[in-house]
Amino acid sequence: MHTLFSYLSTTILLSLLLSLLINPATPSSPPSSSLSNPLPPPPPPSIHKYKSHISWINGIAHTPSDAKNTANTMATYFNRPVNYIHNPTAMSKPRDAVGYVKDLTQATTQLFGRITAEVNDLVSHLRFLCKNTGEHGKVLHLCHSQGVLITYLAAKELTNDEKSKIEIIAFGGAAAITTGEFPEFHRCVNYYSLNDPLLQVVTPAARALSTGLLSFSVKTGEPEFVFLTPKGNDPIVDHGLLGPTYKDIVLLEGQRYVKHYETKIYKLYDLFYNMQARMDAVCRMIIEATIIKLVLLLRALYAKFREVGIEVVRRMNSARVKNVDLNVNTTATIQEAIG
(Lines give C-alpha, C1' and ligand atoms only; values in the text may rest on other atoms or scores of the structure.)
Protein backbone atom coordinates (compact mmCIF):
# COMPACT_ATOMS: atom_id res chain seq x y z
CA MET A 1 0.00 0.00 0.00
CA HIS A 2 2.86 2.32 0.82
CA THR A 3 4.40 1.63 -2.61
CA LEU A 4 1.08 2.43 -4.34
CA PHE A 5 0.73 5.79 -2.58
CA SER A 6 4.36 6.65 -3.37
CA TYR A 7 3.78 5.85 -7.05
CA LEU A 8 0.59 7.92 -7.12
CA SER A 9 2.29 10.89 -5.49
CA THR A 10 5.21 10.77 -7.92
CA THR A 11 2.91 10.45 -10.94
CA ILE A 12 0.70 13.36 -9.89
CA LEU A 13 3.74 15.55 -9.18
CA LEU A 14 5.21 14.82 -12.62
CA SER A 15 1.84 15.55 -14.22
CA LEU A 16 1.65 18.94 -12.49
CA LEU A 17 5.19 19.82 -13.56
CA LEU A 18 4.42 18.92 -17.17
CA SER A 19 1.24 21.01 -16.99
CA LEU A 20 3.33 24.01 -15.97
CA LEU A 21 5.81 23.37 -18.80
CA ILE A 22 3.11 23.02 -21.44
CA ASN A 23 0.67 25.62 -20.14
CA PRO A 24 2.73 28.15 -18.16
CA ALA A 25 0.75 30.49 -16.00
CA THR A 26 0.04 33.83 -17.65
CA PRO A 27 -0.99 37.06 -15.95
CA SER A 28 -4.72 37.63 -16.00
CA SER A 29 -5.97 39.99 -18.69
CA PRO A 30 -7.39 43.35 -17.63
CA PRO A 31 -11.15 43.73 -17.96
CA SER A 32 -12.39 44.98 -21.30
CA SER A 33 -13.33 48.63 -21.43
CA SER A 34 -16.00 48.00 -24.06
CA LEU A 35 -18.95 45.71 -23.50
CA SER A 36 -19.41 45.34 -27.26
CA ASN A 37 -15.78 44.30 -27.71
CA PRO A 38 -14.96 41.81 -24.93
CA LEU A 39 -11.50 40.29 -24.85
CA PRO A 40 -11.42 36.82 -26.43
CA PRO A 41 -11.16 33.98 -23.91
CA PRO A 42 -7.81 32.20 -23.66
CA PRO A 43 -7.50 28.85 -25.47
CA PRO A 44 -8.50 25.76 -23.48
CA PRO A 45 -5.62 24.40 -21.37
CA SER A 46 -5.54 21.16 -23.41
CA ILE A 47 -4.34 23.06 -26.51
CA HIS A 48 -0.63 23.76 -26.49
CA LYS A 49 0.46 27.04 -28.06
CA TYR A 50 2.04 25.47 -31.17
CA LYS A 51 -1.01 23.37 -32.06
CA SER A 52 -1.88 23.55 -35.79
CA HIS A 53 -4.40 21.86 -38.06
CA ILE A 54 -4.73 20.89 -41.72
CA SER A 55 -8.12 21.38 -43.36
CA TRP A 56 -9.43 20.43 -46.79
CA ILE A 57 -12.62 20.73 -48.84
CA ASN A 58 -13.13 18.98 -52.17
CA GLY A 59 -14.58 20.18 -55.48
CA ILE A 60 -17.46 18.71 -57.44
CA ALA A 61 -17.99 15.02 -58.21
CA HIS A 62 -16.49 13.66 -54.97
CA THR A 63 -18.30 10.88 -53.14
CA PRO A 64 -17.68 10.52 -49.39
CA SER A 65 -15.20 7.71 -50.05
CA ASP A 66 -13.39 9.84 -52.67
CA ALA A 67 -13.01 12.67 -50.15
CA LYS A 68 -11.82 10.31 -47.42
CA ASN A 69 -9.28 8.58 -49.66
CA THR A 70 -7.87 11.91 -50.89
CA ALA A 71 -7.61 13.19 -47.31
CA ASN A 72 -5.76 10.03 -46.26
CA THR A 73 -3.32 10.42 -49.16
CA MET A 74 -2.65 14.07 -48.30
CA ALA A 75 -2.11 13.12 -44.65
CA THR A 76 0.98 11.17 -45.75
CA TYR A 77 2.36 14.34 -47.39
CA PHE A 78 1.84 16.47 -44.28
CA ASN A 79 2.71 13.88 -41.66
CA ARG A 80 -0.53 14.87 -39.92
CA PRO A 81 -4.22 13.89 -40.12
CA VAL A 82 -6.25 16.03 -42.53
CA ASN A 83 -9.48 17.44 -41.09
CA TYR A 84 -11.58 17.31 -44.23
CA ILE A 85 -15.14 18.43 -44.80
CA HIS A 86 -17.04 16.73 -47.60
CA ASN A 87 -18.64 18.93 -50.25
CA PRO A 88 -21.48 16.58 -51.33
CA THR A 89 -22.11 15.58 -54.93
CA ALA A 90 -25.38 14.85 -56.70
CA MET A 91 -23.66 12.10 -58.69
CA SER A 92 -24.73 8.56 -57.78
CA LYS A 93 -22.05 6.87 -59.91
CA PRO A 94 -18.79 7.91 -61.66
CA ARG A 95 -20.39 8.71 -65.05
CA ASP A 96 -23.66 10.18 -63.77
CA ALA A 97 -24.14 13.05 -66.25
CA VAL A 98 -27.35 14.28 -64.61
CA GLY A 99 -25.67 14.48 -61.20
CA TYR A 100 -22.67 16.27 -62.71
CA VAL A 101 -24.95 18.90 -64.28
CA LYS A 102 -26.63 19.39 -60.89
CA ASP A 103 -23.21 19.95 -59.29
CA LEU A 104 -22.35 22.53 -61.97
CA THR A 105 -25.72 24.24 -61.48
CA GLN A 106 -25.12 24.53 -57.74
CA ALA A 107 -21.63 25.94 -58.34
CA THR A 108 -23.12 28.50 -60.75
CA THR A 109 -25.54 29.74 -58.09
CA GLN A 110 -22.61 30.06 -55.69
CA LEU A 111 -20.77 32.15 -58.29
CA PHE A 112 -23.58 34.67 -57.86
CA GLY A 113 -22.99 34.76 -54.11
CA ARG A 114 -25.64 32.29 -52.95
CA ILE A 115 -24.88 30.95 -49.47
CA THR A 116 -25.64 27.24 -49.52
CA ALA A 117 -25.56 24.64 -46.76
CA GLU A 118 -22.02 23.69 -47.82
CA VAL A 119 -20.84 27.24 -47.13
CA ASN A 120 -22.38 27.29 -43.65
CA ASP A 121 -20.90 23.87 -42.89
CA LEU A 122 -17.44 25.06 -43.91
CA VAL A 123 -17.78 28.16 -41.72
CA SER A 124 -18.56 25.94 -38.72
CA HIS A 125 -15.71 23.58 -39.66
CA LEU A 126 -13.09 26.36 -39.89
CA ARG A 127 -14.44 28.11 -36.81
CA PHE A 128 -14.05 24.91 -34.78
CA LEU A 129 -10.47 24.39 -35.98
CA CYS A 130 -9.54 28.02 -35.24
CA LYS A 131 -10.95 27.68 -31.74
CA ASN A 132 -8.78 24.60 -31.20
CA THR A 133 -5.58 26.11 -32.60
CA GLY A 134 -2.72 27.25 -30.38
CA GLU A 135 -1.49 30.81 -30.02
CA HIS A 136 1.41 30.24 -32.46
CA GLY A 137 -0.36 27.63 -34.61
CA LYS A 138 -2.23 27.97 -37.88
CA VAL A 139 -5.04 26.28 -39.80
CA LEU A 140 -3.65 25.34 -43.21
CA HIS A 141 -6.78 25.12 -45.38
CA LEU A 142 -6.50 23.43 -48.76
CA CYS A 143 -9.34 23.79 -51.25
CA HIS A 144 -9.88 22.61 -54.81
CA SER A 145 -12.14 23.68 -57.69
CA GLN A 146 -15.64 24.39 -56.34
CA GLY A 147 -14.20 24.01 -52.84
CA VAL A 148 -12.29 27.27 -53.43
CA LEU A 149 -15.54 29.04 -54.30
CA ILE A 150 -17.18 27.67 -51.15
CA THR A 151 -14.15 28.83 -49.15
CA TYR A 152 -14.40 32.29 -50.76
CA LEU A 153 -18.02 32.62 -49.62
CA ALA A 154 -17.22 31.21 -46.17
CA ALA A 155 -14.41 33.76 -45.74
CA LYS A 156 -17.01 36.53 -45.72
CA GLU A 157 -18.68 34.92 -42.70
CA LEU A 158 -15.52 34.44 -40.61
CA THR A 159 -14.28 37.01 -38.10
CA ASN A 160 -11.00 38.85 -38.64
CA ASP A 161 -9.44 37.00 -35.71
CA GLU A 162 -10.42 33.65 -37.23
CA LYS A 163 -9.06 34.59 -40.64
CA SER A 164 -5.75 35.66 -39.10
CA LYS A 165 -5.21 32.04 -38.05
CA ILE A 166 -5.85 30.61 -41.52
CA GLU A 167 -3.62 29.99 -44.53
CA ILE A 168 -5.47 29.43 -47.82
CA ILE A 169 -3.95 27.08 -50.40
CA ALA A 170 -6.20 26.94 -53.49
CA PHE A 171 -5.86 24.63 -56.49
CA GLY A 172 -7.70 25.23 -59.76
CA GLY A 173 -10.21 27.39 -57.97
CA ALA A 174 -13.61 28.50 -59.24
CA ALA A 175 -12.76 31.74 -57.40
CA ALA A 176 -9.56 33.51 -56.39
CA ILE A 177 -8.79 34.27 -52.74
CA THR A 178 -6.21 37.00 -52.10
CA THR A 179 -5.09 39.15 -49.20
CA GLY A 180 -6.03 42.14 -51.33
CA GLU A 181 -9.67 41.24 -50.74
CA PHE A 182 -9.16 39.43 -47.42
CA PRO A 183 -6.16 41.12 -45.75
CA GLU A 184 -6.73 39.28 -42.48
CA PHE A 185 -5.73 35.89 -43.90
CA HIS A 186 -2.21 34.95 -42.86
CA ARG A 187 -1.37 33.58 -46.33
CA CYS A 188 -3.13 33.03 -49.66
CA VAL A 189 -1.78 31.16 -52.68
CA ASN A 190 -3.80 30.31 -55.80
CA TYR A 191 -2.28 27.56 -57.94
CA TYR A 192 -3.44 27.13 -61.55
CA SER A 193 -2.26 24.75 -64.23
CA LEU A 194 -1.93 26.73 -67.47
CA ASN A 195 -4.46 24.44 -69.16
CA ASP A 196 -6.89 24.40 -66.23
CA PRO A 197 -10.42 24.99 -67.62
CA LEU A 198 -11.27 27.34 -64.72
CA LEU A 199 -8.29 29.63 -65.28
CA GLN A 200 -10.02 31.60 -68.04
CA VAL A 201 -13.32 32.06 -66.17
CA VAL A 202 -11.84 33.40 -62.92
CA THR A 203 -11.23 37.05 -63.74
CA PRO A 204 -8.49 37.86 -61.16
CA ALA A 205 -6.51 34.77 -62.20
CA ALA A 206 -6.90 35.44 -65.94
CA ARG A 207 -5.87 39.08 -65.41
CA ALA A 208 -2.81 38.07 -63.37
CA LEU A 209 -1.77 35.64 -66.13
CA SER A 210 -2.24 38.15 -68.96
CA THR A 211 -0.59 41.10 -67.18
CA GLY A 212 2.05 39.27 -65.17
CA LEU A 213 0.90 41.11 -62.03
CA LEU A 214 0.83 38.25 -59.56
CA SER A 215 -0.26 40.22 -56.46
CA PHE A 216 2.49 39.56 -53.93
CA SER A 217 1.53 39.03 -50.31
CA VAL A 218 2.57 41.79 -47.91
CA LYS A 219 2.89 39.32 -45.03
CA THR A 220 4.86 36.52 -46.69
CA GLY A 221 6.35 38.23 -49.75
CA GLU A 222 5.31 35.36 -52.03
CA PRO A 223 3.10 35.65 -55.14
CA GLU A 224 -0.57 34.90 -54.58
CA PHE A 225 -0.98 33.47 -58.10
CA VAL A 226 1.29 30.67 -59.25
CA PHE A 227 0.87 29.27 -62.78
CA LEU A 228 2.13 25.77 -63.42
CA THR A 229 3.29 23.98 -66.54
CA PRO A 230 0.82 21.15 -67.23
CA LYS A 231 2.32 17.69 -66.87
CA GLY A 232 -0.61 15.60 -68.04
CA ASN A 233 -1.30 17.54 -71.26
CA ASP A 234 -5.00 17.06 -70.60
CA PRO A 235 -7.11 19.85 -69.02
CA ILE A 236 -9.27 17.40 -67.05
CA VAL A 237 -6.30 15.35 -65.80
CA ASP A 238 -4.30 18.45 -64.89
CA HIS A 239 -7.29 19.91 -63.04
CA GLY A 240 -7.35 16.97 -60.61
CA LEU A 241 -5.95 17.73 -57.16
CA LEU A 242 -3.84 14.58 -57.12
CA GLY A 243 -3.21 14.71 -60.86
CA PRO A 244 0.36 15.04 -62.18
CA THR A 245 0.43 18.86 -61.98
CA TYR A 246 -1.12 19.75 -58.62
CA LYS A 247 0.11 16.67 -56.77
CA ASP A 248 3.71 17.92 -56.77
CA ILE A 249 2.58 21.23 -55.25
CA VAL A 250 0.59 19.44 -52.55
CA LEU A 251 3.82 17.58 -51.73
CA LEU A 252 5.76 20.87 -51.57
CA GLU A 253 3.11 22.41 -49.31
CA GLY A 254 3.41 19.34 -47.09
CA GLN A 255 7.18 19.86 -46.83
CA ARG A 256 6.63 23.55 -46.04
CA TYR A 257 4.14 22.63 -43.32
CA VAL A 258 6.59 20.21 -41.72
CA LYS A 259 9.32 22.87 -41.85
CA HIS A 260 7.20 25.66 -40.35
CA TYR A 261 4.82 23.85 -38.03
CA GLU A 262 6.62 20.60 -37.21
CA THR A 263 9.70 22.34 -35.80
CA LYS A 264 11.73 20.90 -32.91
CA ILE A 265 10.00 23.14 -30.40
CA TYR A 266 6.60 22.00 -31.76
CA LYS A 267 7.59 18.36 -31.50
CA LEU A 268 8.90 18.95 -27.97
CA TYR A 269 5.61 20.54 -26.91
CA ASP A 270 3.70 17.79 -28.69
CA LEU A 271 5.78 15.17 -26.88
CA PHE A 272 5.18 16.79 -23.47
CA TYR A 273 1.47 17.21 -24.23
CA ASN A 274 1.10 13.55 -25.22
CA MET A 275 3.12 12.48 -22.16
CA GLN A 276 0.86 14.53 -19.94
CA ALA A 277 -2.25 13.09 -21.59
CA ARG A 278 -0.96 9.55 -21.11
CA MET A 279 0.03 10.21 -17.49
CA ASP A 280 -3.36 11.76 -16.79
CA ALA A 281 -5.01 8.67 -18.24
CA VAL A 282 -2.82 6.37 -16.12
CA CYS A 283 -3.57 8.41 -12.98
CA ARG A 284 -7.30 8.25 -13.71
CA MET A 285 -7.10 4.49 -14.22
CA ILE A 286 -5.18 4.00 -10.96
CA ILE A 287 -7.47 6.29 -8.99
CA GLU A 288 -10.61 4.75 -10.49
CA ALA A 289 -9.33 1.23 -9.80
CA THR A 290 -8.42 2.21 -6.22
CA ILE A 291 -11.78 3.85 -5.59
CA ILE A 292 -13.65 0.89 -7.07
CA LYS A 293 -11.72 -1.53 -4.85
CA LEU A 294 -12.30 0.70 -1.82
CA VAL A 295 -16.04 0.90 -2.54
CA LEU A 296 -16.24 -2.87 -2.98
CA LEU A 297 -14.32 -3.36 0.27
CA LEU A 298 -16.62 -0.97 2.15
CA ARG A 299 -19.67 -2.71 0.72
CA ALA A 300 -18.31 -6.10 1.78
CA LEU A 301 -17.52 -4.78 5.27
CA TYR A 302 -20.97 -3.23 5.53
CA ALA A 303 -22.61 -6.49 4.48
CA LYS A 304 -20.50 -8.42 7.00
CA PHE A 305 -21.20 -5.98 9.85
CA ARG A 306 -24.88 -6.00 8.95
CA GLU A 307 -24.92 -9.78 9.01
CA VAL A 308 -23.12 -9.83 12.36
CA GLY A 309 -25.44 -7.15 13.71
CA ILE A 310 -28.52 -9.07 12.66
CA GLU A 311 -27.15 -12.22 14.30
CA VAL A 312 -26.37 -10.33 17.54
CA VAL A 313 -29.86 -8.82 17.62
CA ARG A 314 -31.39 -12.24 16.94
CA ARG A 315 -29.44 -13.81 19.78
CA MET A 316 -30.26 -10.94 22.15
CA ASN A 317 -33.95 -11.29 21.34
CA SER A 318 -33.72 -15.04 21.80
CA ALA A 319 -31.99 -14.58 25.18
CA ARG A 320 -34.61 -12.03 26.21
CA VAL A 321 -37.41 -14.43 25.32
CA LYS A 322 -35.71 -17.19 27.35
CA ASN A 323 -35.33 -14.82 30.32
CA VAL A 324 -39.00 -13.89 30.12
CA ASP A 325 -40.01 -17.58 29.99
CA LEU A 326 -37.68 -18.32 32.91
CA ASN A 327 -39.16 -15.49 34.96
CA VAL A 328 -42.69 -16.68 34.19
CA ASN A 329 -41.84 -20.24 35.21
CA THR A 330 -40.10 -19.03 38.37
CA THR A 331 -43.09 -16.88 39.32
CA ALA A 332 -45.47 -19.77 38.74
CA THR A 333 -43.34 -22.10 40.86
CA ILE A 334 -43.20 -19.59 43.73
CA GLN A 335 -46.95 -19.04 43.60
CA GLU A 336 -47.56 -22.79 43.69
CA ALA A 337 -45.24 -23.13 46.69
CA ILE A 338 -46.98 -20.32 48.55
CA GLY A 339 -50.40 -21.68 47.69
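The rows are residues; the columns are (1) modelled with pLDDT under 95; (2) among the hydrophobic types (A, V, I, L, M, F, W, C).
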| position | (1), (2) |
| --- | --- |
| 213 | yes, yes |
| 220 | yes, no |
| 244 | no, no |
| 256 | yes, no |
| 264 | yes, no |
| 268 | yes, yes |
| 271 | yes, yes |
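Checking the conditions here, which among 226, 218, 201, 189 is hydrophobic (A, V, I, L, M, F, W, C), farther than 22 Å from residue 252 by Cα and out of contact with any Pro (no Cβ under 7 Å at 6 or more places or on another chain)?
201
Here's the yes/no breakdown for (1) of a type in the set (Lys, Arg); (2) over 28 Å from the mean Cα position of the chain (by Cα):
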{"site": "163", "(1), (2)": "yes, no"}
{"site": "168", "(1), (2)": "no, no"}
{"site": "188", "(1), (2)": "no, no"}
{"site": "201", "(1), (2)": "no, yes"}
{"site": "212", "(1), (2)": "no, yes"}
{"site": "223", "(1), (2)": "no, yes"}
{"site": "230", "(1), (2)": "no, yes"}
{"site": "255", "(1), (2)": "no, no"}
Legend entry - Among (1) closer than 21 Å to residue 255 by Cβ; (2) of a type in the set (S, T, N, Q); (3) surrounded by fewer than 17 Cβ atoms within 10 Å (Cβ to Cβ) - the single one residue 83 does not satisfy: (3)
Inset, instruction - Check residue 297 against each of (1) surrounded by 10 or more Cβ atoms within 10 Å (Cβ to Cβ); (2) modelled with pLDDT under 80; (3) not charged (D, E, K, R) and name the one condition it does not meet. - result: (2)
Legend entry - Selection status of residue 60, of a type outside the set (S, T, N, Q) and modelled with pLDDT of 85 or more: yes
Inset, instruction - Give me the pairs, please: first residue somewhere in region 93-117 and polar (S, T, N, Q), second residue anywhere and at pLDDT 85 or above, beta-carbon distance under 6 Å, and either six or more positions apart or on two chains. - result: 110/149
Inset, instruction - Of the conditions (1) surrounded by 15 or more Cβ atoms within 10 Å (Cβ to Cβ); (2) out of contact with any Asp or Glu (no Cβ under 8 Å at 6 or more places or on another chain); (3) of a type in the set (A, V, I, L, M), residue 169 clears all except one; give me its number. - result: (2)
Inset, instruction - With the checklist (1) of a type outside the set (S, T, N, Q); (2) closer than 23 Å to residue 112 by Cα; (3) assigned to a strand (DSSP E or B) in hand, flag the one item residue 196 doesn't pass. - result: (3)
Inset, instruction - Of all residues in region 130-162, count the ones that are surrounded by fewer than 23 Cβ atoms within 10 Å (Cβ to Cβ), part of a helix (DSSP H, G or I) and of a type outside the set (Asp, Glu). - result: 4
Legend entry - Residues of region 131-154 satisfying the condition of being touching a strand residue (DSSP E or B) at 6+ places or on another chain (Cβ under 8 Å) and either modelled with pLDDT of 95 or more or within 28 Å of residue 236 (Cβ to Cβ) (or both): 139, 140, 141, 142, 143, 144, 145, 147, 148, 150, 151
Legend entry - Subset of region 60-111 (residues that are over 20 Å from residue 141 (Cα atoms), among the charged types (D, E, K, R) and not in a loop (DSSP other than H, G, I, E, B)): 102, 103
Legend entry - Residue ID - farthest from residue 155 (Cα to Cα), chosen from residues in region 179-234 that are surrounded by 15 or more Cβ atoms within 10 Å (Cβ to Cβ) and of a type in the set (Ser, Thr, Tyr): 193
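The values are calculated or read from the model by the stated rules, or taken from the named source; none is laboratory data. Being a predicted model, the structure only gives us computed values, none of them experimental. Positions of Cβ are backbone-derived with ideal geometry, glycine not excepted, and every protein chain shown enters the neighbour counts.
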